[in-house]
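Take a look at the structure set out below.
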Amino acid sequence: MSSQLFEAYPDVYDALYGAKDYRGESEFYAETFAERAAATGEECLILGCGTGRHAKHLTERGFDVTGIDRSEAMVESAKTRSDADFRVGELPNVELASNAYDLVLLPFNIVNYLEYGDLEPTLATVADAIKPGGLLVFDTAAVPDDGTMYLQSQSTGEGDHARLVQMQPAGENRAQWSSIVFSEAAPSGFFVDNVGLALYDDDEIGELLEEYGFEFTHRTDYGEATRTQEQFSIFVAEYVE
């Protein structure tokens, strides 16, 4: 997966997702951890931390956050947002300490950006890194099967940004996310992103979670933090083995 938006324009990414309720989602993570996890520590790992917005809010709630992302540009942006520990790394083979984390997050469809087949080794990596009784939370995207297009737009103090996006099936277990991003930050005024996505069936994910020692529940929203147009499949999984 390669994306100019992620790799070269983290500020444009932040602008396009300016309306996303990162604070509300972070509250969901923290409150669910308090309710569900047997672990009682404060070590939080965010795999696919992006520009660090979840990390910022969770740090403010008292978690000791480590954020990892494959994009160096995203990581550098995240470092300006909070004093969490950020570094570059790529799933599924990122190096992590064993039995080190109480709460592990793969937010905002990170699972879909993995190569198909990499979910299993990713869960193996997480199972090694999470403490017994720790909580894993992640979500996956719903992809329209009719090639529907949609438009995002946002104005900031640094300029206007818009993105025309089409997501459509691209073979078995795959989808294609094609977009044209219009932004004053780009030298030409626009750039094109074509990103492949991996699609997983909820039952397939559930079987893998159980195989690696997790007991899970499934839901479709982050409570009031989920906007009407957002569609999630969310897994809340306690590590019991």
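The values are calculated or read from the model by the stated rules, or taken from the named source; none is laboratory data. If you're wondering where the values come from, they're calculated on a predicted model, not measured in any experiment. Glycine also receives a Cβ, built like all others from the backbone with ideal geometry; neighbour counts cover every protein chain displayed. SASA here: full protein model, heavy atoms, side chains in, ligands and nucleic acids out. Shrake-Rupley method; radii C 1.70, N 1.55, O 1.52, S 1.80 Å.
For the reader, a short list of remarks on this structure follows.
- Restricting the first member to the range 1-28 and to residues that are closer than 10 Å to residue 53 by Cβ, and the second to residues that are polar (S, T, N, Q) and surrounded by 20 or more Cβ atoms within 10 Å (Cβ to Cβ), the beta-carbon pairs closer than 6 Å and six or more apart or on different chains are 14/51.
- Segments classed as strands (runs of 3 or more DSSP E), wholly inside the range 1-117, with at least 2 members that are more than 30 Å from residue 188 (Cα to Cα), open to solvent by less than 70 Å² (accessible area, probe 1.4 Å) and touching an Asp or Glu at 6+ places or on another chain (Cβ under 6 Å): 101-106
- Of residues in the range 190-212 being closer than 13 Å to residue 111 by Cβ and among the acidic types (Asp, Glu), the one modelled with the lowest pLDDT: 201
- Single unsatisfied condition, residue 211 versus (1) under 20 Å from residue 233 (Cβ atoms); (2) open to solvent by less than 60 Å² (accessible area, probe 1.4 Å): (2)
- The range 230-241, residues that are in contact (Cβ under 8 Å) with a residue 60 or more places away in the chain and open to solvent by 10 Å² or more (accessible area, probe 1.4 Å): 231, 232, 233, 238, 239, 240, 241
- Filtering the range 22-49 to residues that are modelled with pLDDT of 95 or more, over 22 Å from residue 123 (Cβ atoms) and not aromatic (Phe, Trp, Tyr) leaves 23, 24, 26, 27, 30, 31, 34, 35, 42.
- Being under 14 Å from the mean Cα position of the chain (by Cα), of a type outside the set (Ser, Thr, Tyr) and closer than 30 Å to residue 192 by Cα is a property that does not hold for residue 18.
- Test: residue 123 is in a strand (DSSP E or B) and either over 18 Å from the mean Cα position of the chain (by Cα) or touching a residue at least 12 places away in the same chain (Cβ under 8 Å) (or both): no
- Given (1) touching a residue at least 40 places away in the same chain (Cβ under 8 Å); (2) farther than 30 Å from residue 208 by Cα, index of the condition residue 148 fails: (1)
- Any hit, the range 79-98, residues being in contact (Cβ under 8 Å) with a residue 60 or more places away in the chain and under 14 Å from the mean Cα position of the chain (by Cα): no
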